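Chemist: Let me begin by handing over the structure; questions about it come next.
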């Protein structure tokens, strides 16, 4: 982990409404407090993300588990460790996403761990992230699984998290640095600072191999 590039705004510099949202982040995650404390330098940025994330990720027209798989696909693709070491509490509690699925994300088309609807959503994420030029068959596949409102919401959610994760990975922020003492939305093995460091030191830590555009197709 390198030097942190943008500081965290202290809680005592935030207004009451922002502190209430930070407490929600501490309690529920998605997002965790550190990324919110960075955005708090500009309240408009803080609320842009908090409100957008609530409206199109935590709630919305598309089932949440599909969106969580796509969020994690983005994490694996751009190698954002901060985001990739989180899990949506809503998705894991409902059983919509199981941990075994996470390890196969960059090989989703060949994996038996996803159903056809999940694979179609991940193909949508792949096309957006890797700037592919899908043909008519791709769009027929999408329409066989999703209505247009669902495709719009999923596309907006993927675009939002792609932009945010591409930015956050540059900042060298880490979990358990702001409002520590909670494991809310942390992946297994990252529940506290000690376990986080132990997991990241392992030889098979997922972020030690940065994916290329073709690596998940091999």
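Chemist: Can you report the number of residues in region 120-140 which are surrounded by 12 or more Cβ atoms within 10 Å (Cβ to Cβ), within 23 Å of residue 164 (Cα to Cα) and free of Cβ contacts under 8 Å to residues at least 24 places away in the same chain?
Modeler: 3
Chemist: Let me ask you something else. Keeping to region 137-151, report how many residues are under 18 Å from residue 56 (Cβ atoms) and assigned to a helix (DSSP H, G or I).
Modeler: First pass over region 137-151, keeping only residues under 18 Å from residue 56 (Cβ atoms): 142, 146-151.
Filter again for assigned to a helix (DSSP H, G or I), leaving 142, 148-151.
Number satisfying all stated conditions: 5.
Chemist: Given the criterion assigned to a helix (DSSP H, G or I), modelled with pLDDT of 95 or more and surrounded by fewer than 17 Cβ atoms within 10 Å (Cβ to Cβ), identify the matching residue among 27, 71, 5, 19.
Modeler: Testing whether each residue is assigned to a helix (DSSP H, G or I), modelled with pLDDT of 95 or more and surrounded by fewer than 17 Cβ atoms within 10 Å (Cβ to Cβ) leaves just 19.
Chemist: To continue, here is another question. Out of the residues in region 39-64 that are in a helix (DSSP H, G or I) and in contact (Cβ under 8 Å) with a residue 40 or more places away in the chain, state the one that is surrounded by the fewest Cβ atoms within 10 Å (Cβ to Cβ).
Modeler: Once the filter is applied, the top-ranked residue is 52.
Chemist: With respect to residue 186, determine if the residue is modelled with pLDDT of 95 or more and in contact with a strand residue (DSSP E or B) (Cβ under 7 Å, 6 or more places away or on another chain).
Modeler: Spelling it out, residue 186 is indeed modelled with pLDDT of 95 or more and in contact with a strand residue (DSSP E or B) (Cβ under 7 Å, 6 or more places away or on another chain).
Chemist: Output the number of the condition that residue 115 fails; it satisfies all remaining conditions of (1) within 28 Å of residue 28 (Cβ to Cβ); (2) touching a helix residue (DSSP H, G or I) at 6+ places or on another chain (Cβ under 8 Å).
Modeler: (2)
Chemist: Take the residues in region 165-191 that are surrounded by fewer than 20 Cβ atoms within 10 Å (Cβ to Cβ) and assigned to a helix (DSSP H, G or I); name whichever of them is nearest to the chain's Cα centre (by Cα).
Modeler: Taking the candidates together, the pick is 166.
Chemist: Which condition number in (1) within 24 Å of residue 24 (Cβ to Cβ); (2) in a loop (DSSP other than H, G, I, E, B); (3) over 14 Å from the mean Cα position of the chain (by Cα); (4) in contact (Cβ under 8 Å) with a residue 24 or more places away in the chain is the one that residue 97 fails?
Modeler: (3)
The values are calculated or read from the model by the stated rules, or taken from the named source; none is laboratory data. What you are looking at is a predicted structure, and each value in this text was computed from that prediction instead of being measured. Quick reminder, even Gly has a Cβ in these numbers, built from the backbone with ideal geometry, and neighbours come from all protein chains shown.
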